[in-house]
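Take a look at the structure below.
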Amino acid sequence: MKRNCLTQKELADRWTISHRTLERWRWAGEGPAYMKLGGRVVYRVCDIEAFELEAIKATAEQQVQLS
């Protein structure tokens, strides 16, 4: 069964970053969209994948500009 949401810790593990980085991003209005359910922060997998795709596009665009 495919999961629809990841916790902050699960997303931090997926990206090999600190969960504190995700907290800072939320505070700054950055990073992927998230939901608060019962005081718990969760990230929908579709939002995570969309954020990753945008990061890939941004990186590719930067490389084209440097050439």
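The values are calculated or read from the model by the stated rules, or taken from the named source; none is laboratory data. As the structure is a prediction and not an experimental result, all values here were calculated from the model. Backbone-built Cβ (ideal geometry, glycine too); neighbour counts: all protein chains shown. Each accessible area value is taken on the protein alone, full model and side chains, heavy atoms only, with ligands, DNA and RNA left out. Shrake-Rupley method; radii C 1.70, N 1.55, O 1.52, S 1.80 Å.
Side notes on the structure shown:
- With Cα atoms, 0 to 90° folded angle of helix 19-28 axis to the chain main axis: 80
- Rolling a 1.4 Å probe over the heavy atoms of the protein chains gives the chain an accessible area of 78 Å² per residue.
- In loop segments of the stretch 1-55 as defined by DSSP, the GluC sites (Glu not before Pro) with at most 13 further C-beta atoms inside 10 Å of their C-beta are GLU30.
- Net charge of neighbours whose Cβ lies under 13 Å from the Cβ of CYS5, counting Lys and Arg as +1 and Asp and Glu as -1: +4
- Helix 45-66 axis, angle to the chain major axis (alpha carbon atoms, nearest 10°): 20
- When only Cα pairs below 8 angstrom with a gap of at least 6 residues are kept, the chain shows a relative contact order of 32 percent.
- Taking the accessible area of the chain, probe 1.4 Å, and keeping the other protein chains in place, the carbon and sulfur fraction comes to 55%.
- Net charge, MET35 excluded, C-beta distance under 12 Å - Lys, Arg +1, Asp, Glu -1: +3
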